[in-house]
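What follows is a set of notes on a single structure, which appears directly below.
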Amino acid sequence: MRIILLGAPGSGKGTQGDLLEKRTGFPRISTGDLLRLAVRRKTPLGLRAEAFMVQGLLVSDEVVEGLVRERIAEADCRVGYILDGFPRTIAQAEALAAMDGGRPEIVIGIEVDSEILIERLCGRRVCPACQAVYNVSVQSPARPGVCDACGRGLVQRPDDTAEVIRKRIAVYLEQTAPLKDYYRRKNEFRAVDGQGPTEEIAAAIARILDGTPAGTTAETAEDGRKDRRSPA
């Protein structure tokens with residue numbers, strides 16, 4: 001089984017991926033984590049990735065696909081795994097099918113309005129030591145500006161500004177709209193409304209995986225958001 005999580009920056013893929021990992025026992029595989037680990041370990045692919053990163057360039061598909069290929073070949077992925085951040089394009093989806101074809105998969109899109117994403121990410125704070133993530137408005141630490149886990153001061157990522165976030169969301173939408181259609185044609189894409197409480201979103205995803213009607217297709221997720229924006 002392969003579970004693919006799609007969502008714009010700030011949509012909650014990481015949070016839901018962690019919950020899914022606990023629920024299913026499948027490892028959550030984040031391409032961002034793979035890249036950072038490979039660079040830190042100075043692996044051959046990590047060195048190639050670093051060469052792109054130091055120039056401020058996107059890491060090539062070839063390198064990212066190589067990292068994913070190595071990771072999903074490990075023993076803990078034999079029964080199933082969760083992909084967070086991959087694939088991002090149809091080309092990457094086709095590469096994934098080529099490297100691990102025939103495996104049942106479900107693709108879950110976590111849908112959140114752009115303005116809410118901007119608000120979330122502008123309030124995000126990260127611990128530089130243990131990488132714990134907080135939000136000043138919805139998930140603040142016990143002591144303002146201090147990590148609950150290790151006591152280090154929290155920082156704001158340089159790309160967590162409104163201007164940069166809008167560009168990131170625009171790139172995501174441009175790349176991912178065709179990818180959603182690709183998985184819809186395979187009848188593998190489902191969407192959930194990602195603007196509610198974490199537990200409700202997790203429950204909707206669980207219903208999809210359990211095969212019971214969740215009423216959360218891409219169209220109904222958008223309808224639900226419109227209903228909440230409409231005056232009573």
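The table below gives the values:
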quantity	calculated
Tally of residues being part of a loop (DSSP other than H, G, I, E, B) and within 20 Å of the chain's Cα centre (by Cα) across the range 58-80	4
Single condition residue 182 does not satisfy, out of (1) among the hydroxyl-bearing types (Ser, Thr, Tyr); (2) farther than 24 Å from residue 104 by Cα; (3) in contact with a helix residue (DSSP H, G or I) (Cβ under 9 Å, 6 or more places away or on another chain)	(2)
Test: residue 71 is charged (D, E, K, R), modelled with pLDDT under 90, in contact with a strand residue (DSSP E or B) (Cβ under 8 Å, 6 or more places away or on another chain) and crowded, with 16+ Cβ neighbours inside 10 Å	no
Residue ID - surrounded by the fewest Cβ atoms within 10 Å (Cβ to Cβ), chosen from residues in the range 26-55 that are touching a helix residue (DSSP H, G or I) at 6+ places or on another chain (Cβ under 9 Å) and not in a helix (DSSP H, G or I)	42
Inter-residue pairs, beta-carbon under 8 Å, first of a type in the set (Lys, Arg) and modelled with pLDDT of 95 or more and in the range 183-208, second surrounded by 21 or more Cβ atoms within 10 Å (Cβ to Cβ) and in a strand (DSSP E or B), 6+ apart	190/107; 190/108; 190/109
Cβ pairs under 9 Å, 6+ apart, first in the range 78-96 and crowded, with 22+ Cβ neighbours inside 10 Å, second outside any helix (DSSP H, G or I) and of a type in the set (Lys, Arg)	81/2; 81/28; 82/2; 82/28; 83/2; 83/28; 84/28
Restricting the range 184-194 to residues that are more than 15 Å from the chain's Cα centre (by Cα) and in a loop (DSSP other than H, G, I, E, B), the residue that is surrounded by the fewest Cβ atoms within 10 Å (Cβ to Cβ)	187
Scope the range 100-126; condition basic (Lys, Arg) and touching a residue at least 60 places away in the same chain (Cβ under 8 Å); matching residues	103, 120, 124
Qualifying residues in the range 196-211 (those that are over 15 Å from the mean Cα position of the chain (by Cα) and of a type outside the set (Gly, Ala, Ser)) - the one farthest from residue 10 (Cα to Cα)	210
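The values are calculated or read from the model by the stated rules, or taken from the named source; none is laboratory data. Just so we're clear, the structure is a prediction, and the values are computed from it rather than from any experiment. Note that each Cβ is placed from the backbone with ideal geometry, even for glycine, and that neighbours are counted across all protein chains shown.
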